[in-house]
1. When the chain is fully extended, how far beyond the present Cα-Cα distance does residue 299 get from residue 237, taking 0.36 nm per residue of separation?
2. Connecting C-alpha atoms closer than 10 Å in a GNM of the chain, tell me which of 163, 38, 143 has the biggest fluctuation.
3. Arrange 269, 305, 37 by Cβ neighbour counts within 10 Å, fewest through most, would you?
4. About its Cα centre, what dipole magnitude does the range 157-258 give when the only charges are +1 on Lys and Arg Cβ and -1 on Asp and Glu Cβ, stated in debye to the nearest 20?
5. How big is the Rg/Rh ratio for the chain, C-alpha atoms only, Rh by Kirkwood, two decimals?
6. Using the count of nearby Cβ atoms within 10 Å as a rough guide to exposure, how do 170, 235 rank from fewest to most?
7. Which of the peptides 206-215, 249-258, 66-75 is most tightly packed, and how do the rest follow, going by the mean number of other Cβ atoms within 10 Å of each residue?
8. In nm, what is the difference between 0.36 nm times the number of residues separating residue 266 and residue 340 and their Cα-Cα distance?
Amino acid sequence: MKTAILSASALALVLAATGANAQSRDQIRIVGSSTVYPFTTTVAEQFGRQGGMKAPVVESTGTGGGMKLFCAGVGTQHPDAANASRRINKGEFADCQKNGVSDVVELKVGFDGIVMASAKNGPELRLTKEQIYRALAKQVPGPDGKLMANAAKNWSDIDRSLPNTKIEVLGPPPTSGTRDSFVELVMEPGAEAIPAMAEMKKSDRKAFDAAFKAIREDGAFVEAGENDNLIVQKLVANPNAVGIFGYSFLDENAGRIKGASIDGQLPTYETISGGQYKVARPLFVYFKKQHVGVVPGLDKFVAEYVSDKAIGADGYLARKGLVALPKDELARVRADIGSMKALAADVAL
C-alpha cells in the first residue's frame, strides 16, 4: 500500500482548499481514553491558566474511538492528539499512514493499574486471575475439559472462599483500551492457569485466543460505557457490584470505594510502581507533528505535559494518581518529545 505523506506546504494547501486555515480553530482538540482523560484534562487546565492561550478541549471517547478519529486525517477538522490506555496498534498505525497522518509522535506519560473495585461497605474480594476468568469468561471448561457456557451466578460458585453474592461486574466496552489491557493482563493468564485451557493453547491457539477474549453477555458483565466516574457512582449505590477501571479513579475516590487484591496484591501507587501489582500498563498520548505550527500552542502544550511539574515523580499528575516513569525512562521520553521524533513506519507495535 502506498503511504500518503503530507509536507508542511501540502498541508497548507489542504487547509486552504477546505477553508480550514490556522485561524479556524484556536484551541487544541484531544480525544481518546477515559483513563488518560483526567490527566490530560489537568494538563489542559494548567496550560490554560498560563494566559495567552485557551485551554485545550479534551473529549473522552475511549482509546479505540479516539484513535479512529485521530487517524482519520490531517487538518484542523481532525483532532491534534489522542489519549490511549494502550499503545497504538498496527492497524491504527496503518490507518494513520493511509490517511496522511505520517508523523505520529508518541508520549508515554506514566503507568496505571487496572483495578477491580467495590463500595467501601461491600464484601472483601481477594481474587486470583483464574477466579476472575472463571467469573467473567463467556465459556469455561466443564468437568470433561470441554468448553461450556459459564453458569456461575455468585462469586462463591467460583470458589467457596469468595462471598456468596451475585457476580455483577461493571466494565469498559470493546472500544476501550482498558478493556484490551484487562483481557491481556487478567483474562489470558487466568485462562492459562486452568490445565484444560493451557492444553488448548498448545493444541489450538486460535480457539484459545477466542475463548479468553470472549466476555459473558448474560448480565454478569455489564458494559458501563467510557464514563468511569459514573461507574464509581453505581458502585456506591450497589455495594455488591464490582467495577473495572484505572487506578487513578480508585485513588480519587478512596473515601467511597476499595480495590480488590489480585494474586495477593492490593492496587496501590507503591505496588504498581514497584511491579508487585501485575495488572498494570503504560499510558500514552499521541500527537500529530504535522499540526505543530498549524494549531496554535500545540508545541507549548506538549512541553507542559513533559515538564517536571507535570509528569515528574512529585508533579501534579502524580497527585492525580498517575504512577510516574522511572527517571532514566522519563529522560528518554523527553529527548524524543523534544525533537518531536515520529514513530518509524516499521516500528514494532
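Read-outs throughout are calculated quantities, based only on the coordinates presented, and are distinct from any laboratory measurement. None of these values were measured; they are calculated from a predicted model. Reconstructed Cβ throughout: ideal geometry from the backbone, glycine too, with neighbour counts over all protein chains shown.
1. Numbers: separation 62, 0.36 × 62 = 22.32 nm, distance 4.30 nm.
So the chain would gain 18.0 nm between residue 299 and residue 237.
2. 143
3. Details: 269 18, 305 22, 37 26.
Ranked by crowding around the Cβ, least crowded first: 269, 305, 37.
4. Working: 12 positive and 17 negative charges, 36 e Å.
With only Lys, Arg, Asp and Glu charged at Cβ, the dipole is about 180 debye.
5. Details: Rg = 21.5 Å, Rh = 21.4 Å.
Result for the chain is an Rg/Rh of 1.01.
6. Numbers: 170 22, 235 25.
With the sparsest Cβ surroundings first, the list reads 170, 235.
7. Numbers: 206-215: 16.5, 249-258: 18.0, 66-75: 22.6.
Sorting 206-215, 249-258, 66-75 by mean packing, highest first, produces 66-75, 249-258, 206-215.
8. On the way: separation 74, 0.36 × 74 = 26.64 nm, distance 3.72 nm.
Difference between extended and current length: 22.9 nm.
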